[in-house]
């Protein structure tokens with residue numbers, strides 16, 4: 001078994017967080033062949049039960065933003081989906097709790113080390129931005145996403161995105177430039193990296 005698949009097997013067997021409300025259930029996908037990394041927050045409750053990343057309304061919107069179908073999205077040879085927390089963290093006052101920091105501390109760099117072919121990292125939400133864009137963000141998420149062209153100029157291009165959750169419908173209405181400008185360029189970039 002290849003190094004990346006051995007690591008994936010090890011991660012999926014992780015039980016570090018026994019105190020999670022629904023128990024440990026690491027949900028992610030990756031392969032050393034992937035050229036696109038989707039770095040999200042943590043699986044939601046629906047995703048926890050289905051056992052596949054972004055297998056919910058947020059995922060439908062994200063796939064639409066990327067201009068790809070489910071088969072392409074769930075092909076680990078095409079896309080690595082590695083959230084900041086691999087298990088559902090539980091409910092908070094205004095949505096899901098933050099991903100547990102121990103997850104990224106334990107696994108993140110090990111996984112990134114077996115993904116040598118990543119040419120585009122999609123950074124979704126504040127926690128992923130804090131990891132992938134340390135000290136390089138604007139004053140808030142909106143300003144960071146607005147400055148998306150800057151992040152594509154990195155040696156390894158990064159594209160900051162808001163979470164595709166239906167909870168962000170108001171944000172999307174307030175920021176029409178996001179779908180008018182950024183999404184068009186995102187689809188072009190993703191299309192250039194996807195193997196037919």
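Kindly evaluate residue 155 against the criterion of being in contact (Cβ under 8 Å) with a residue 40 or more places away in the chain and more than 15 Å from residue 81 (Cβ to Cβ).
no
Say whether the condition of being closer than 20 Å to residue 58 by Cβ, modelled with pLDDT of 95 or more and either touching a strand residue (DSSP E or B) at 6+ places or on another chain (Cβ under 8 Å) or surrounded by 16 or more Cβ atoms within 10 Å (Cβ to Cβ) (or both) is met by at least one residue in region 9-24.
Within region 9-24 (the criterion being closer than 20 Å to residue 58 by Cβ, modelled with pLDDT of 95 or more and either touching a strand residue (DSSP E or B) at 6+ places or on another chain (Cβ under 8 Å) or surrounded by 16 or more Cβ atoms within 10 Å (Cβ to Cβ) (or both)), the answer is no, since none of the residues qualifies.
Going by the conditions given, is residue 105 free of Cβ contacts under 8 Å to residues at least 40 places away in the same chain and over 28 Å from residue 2 (Cβ atoms)?
For residue 105, the condition - free of Cβ contacts under 8 Å to residues at least 40 places away in the same chain and over 28 Å from residue 2 (Cβ atoms) - is not met.
So in region 166-178, with the set limited to residues that are touching a residue at least 12 places away in the same chain (Cβ under 8 Å) and assigned to a helix (DSSP H, G or I), which one is surrounded by the most Cβ atoms within 10 Å (Cβ to Cβ)?
Ranking the qualifying residues of region 166-178, first place goes to 178.
Taking region 39-60 as the search range and keeping residues that are in a loop (DSSP other than H, G, I, E, B) and without any contact (Cβ under 8 Å) to a residue 24 or more places away in the chain, which one is farthest from residue 156 (Cα to Cα)?
56
Could you please tell me which pairs satisfy a Cβ distance under 9 Å, a separation of 6+ or placement on different chains, a first residue in region 182-196 that is in contact (Cβ under 8 Å) with a residue 40 or more places away in the chain and at negative phi, and a second residue that is surrounded by fewer than 15 Cβ atoms within 10 Å (Cβ to Cβ) and in a helix (DSSP H, G or I)?
Filtered contacts from region 182-196: 183/64.
Among the residues of region 91-125, which ones are buried (at least 17 other Cβ atoms within 10 Å of the Cβ), farther than 20 Å from residue 15 by Cβ and either modelled with pLDDT of 95 or more or out of contact with any helix residue (DSSP H, G or I) (no Cβ under 9 Å at 6 or more places or on another chain) (or both)?
Matches in region 91-125: 112, 114, 115, 118, 120, 121, 122, 123, 124.
Exactly one condition in (1) under 14 Å from residue 40 (Cβ atoms); (2) without any contact (Cβ under 8 Å) to a residue 60 or more places away in the chain; (3) part of a helix (DSSP H, G or I); (4) in contact with a helix residue (DSSP H, G or I) (Cβ under 9 Å, 6 or more places away or on another chain) is not met by residue 142; state its number.
(1)
Restricting attention to region 68-77, which residues are closer than 9 Å to residue 31 by Cα and touching a strand residue (DSSP E or B) at 6+ places or on another chain (Cβ under 7 Å)?
Correct list: 76 only.
The values are calculated or read from the model by the stated rules, or taken from the named source; none is laboratory data. Here the structure is a predicted model, which is why all the values come from computation and not from measurement. No Cβ is skipped: glycine too gets one built from the backbone with ideal geometry, and neighbour counts run over all protein chains shown.
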